[in-house]
Structures are given as C-alpha cells and as structure tokens.
Amino acid sequence: MPAPPDLERLYDEHAQALFAFLLNFTRDENDTRDVLQEIFTRLAREPDLLRGARDERAFLIRLTHNAAIDFMRRRGTRQKYHDQFAEAEISIFAADENPDVAAFRESLSRALAELPEDQRAAVHLKLWENHTFEQIATALNISHNTAASRYRYGIDKMRERLRPIYEEIK
Amino acid sequence: MKPDDFEKRLQNQPLRQIPTEWRAEILQSAASSPHPSRTMRRSVLSTINHQLSAVLWFNPKAWAGLAAIWVVIFALQFKSQNNSPMVAAASAPRPSTILMSLKDQQQTLAELMGNNQPNDADQTHRAAPKPHSERRRETVLI
C-alpha cells in the first residue's frame, strides 16, 4: 500500500531535521529510528494532526521532543549505563577527511552529549535549526526566558569544554 | 543576540544525514498502520465521548447523583400512584355516616339560630339613622 502523498512530502521536508534532533537527543541510531517511525505512523493514523499548525516544522519538533521523552522514559533506567557509554561513541556530525576537522566534530559531539538533555535540545534548535528563542520555547513547551537561559548555559559549557581545541584550530 | 565566532563555527558543522534506506521503510511501515476508516469509526465514537465529556466536564459525579435522585423520585411516584386508590377507598367514610354528620350539623345550626335571635333591648339602642336635617335640629334644641 503506497504511503499517503502528504506523508512523503512531510518526510522529505522534515525527516532530516527530526533525525538530527533525535540523534542528538537519544544518542542512539536505533532509538532515533524507532521514534521517527513512531512519529510518521502517528501522522499516518491521524491525518488531521497537523491541521491548524501554523509552523509545521515547529509542530513536528515539539511532537518529536515529546515522543523522545516518552521513549526514554519507557526505556527506563535499565540501559542507563549502556546509554552513557554509547553517548560518548556516537557522532551527530558528518564525517570529514581532514583529521583536525574530524577531531573538532568528535569533541563537539562529546561536549553536546555531556550537556543535560534540556540544554542540549535548546542548543541544537538554536544552532542547527536556526530557531528563535520564541520558537524554541514553543517547541519545548517552556518560557522564552527559560529557552534563552538553557541555551546560554549550554553554549557556555561547550565553550569552556572546547576552548583548547577551538583555540588550536582557529 | 548575534552569534559570536564560536557559535558561528558550531553552526557551520554539518550534521549527519539520515540514512536513505529509512525513507522507504518508515513510509511503508507508517502506511501499513491501521486503516484510516477504522480510525474514523473509532474517532466517531471518541467524538461522541468527547462531546459528552464536554457537557459533563465539570463534575460527572454530580450528574450521576442527579440521575440517581431522579430515579428515586420516579420510583416513589410510581409506588404512590399504585397505592393511592386503595388509600382513598380505605379512608373514605360511608354515605350513612356522612348523612348522620350532616343532620347533626343542621341541628346544631338550628339551635344556634334559635338562641341568637336579637332581643328588643338591643333594638332600642340601635336607633335607625335619622336624616341629617333632623340631627341638626336636635343639636340646636340642646
């Protein structure tokens, strides 16, 4: 049975962004796939879900964020230590042949993994989705000030964490 | 707030691409999820449920209590309707008794009428009203 055309459009327009956001959140490719599958299955079952959404991307990010939180809760603490190990291994950035660039991206990915989930989500949406704090607040269901402070705390920690390697390659 | 060099540098790092094979798998799996018509049928029921919930949202227990009170009221009314002819028949006096009491009442009334006839002394005190002209004449004579 072919997928509804709207579903294909939604996938083509938003799946990459949702994938990156989820991978940064779950730090696991299988979990990312499961949550993404869950999102599109829900969209297929509830065609009216997006009706009335002013900003499709923001709505889908919010849906994805909530689904990811639910998924992590369902998964529970059983795999907590495994996840912590895996977080350090996975990279959310594209590979690069230049060793300096590759090293920086690896460090950046690790620094992101060390951030609390809420700060990580704010940093991700600000830097790689170009969201305003207002959009971040809407997507994460938090206040504008909370969105700004989470981003600021996150970026300061990363600056501190990456200072040596950043100074080196600057 | 303008991003500084560090933030710009981070922004320029390209993110990993979603595996291409996921597209077909995810879309196929999503499309093979329960058919929309089944969802629609369920959604009609859920819509009714939603509408009812909207009406009774403030306190379903209160509505249940009210319904129970109405049931009790109807039950009591039904019971009283069944009993009322019997109660009326049992409490109604016999015709002969009614006649007897009527006669008693008439007799009592007749006695009262006989005793309370006005006497002459009272009649003298209650003089018939005179014309105004005569009253004035009396006043002048005094």
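Values in this text are rule-based calculations from the coordinates and carry no lab data. Remember, it's a predicted structure, so these values are computed and weren't measured experimentally. Ideal geometry is used to build each Cβ from the backbone, glycine not excepted, and the neighbour counts take in all protein chains shown.
Structure summary
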{"quantity": "Average partner coverage of A:10-17, which counts Cβ from other chains inside 10 Å", "calculated": "3"}
{"quantity": "Inter-site label distance for B:Lys79 and B:Ser96 at 7 Å from Cα along Cβ, in nm", "calculated": "3.7 nm"}
{"quantity": "Förster-model FRET efficiency, 35 Å R0, A:Asp96 and A:Glu8, C-beta, rounded to 0.05", "calculated": "0.70"}
{"quantity": "Projected label distance in nm at B:Ala68 and A:Glu134, using a 7 Å step from Cα toward the beta-carbon", "calculated": "5.2 nm"}
{"quantity": "Simple label model, 7 Å out from Cα along Cβ direction - B:Ser29 to A:Glu56, nm", "calculated": "2.2 nm"}
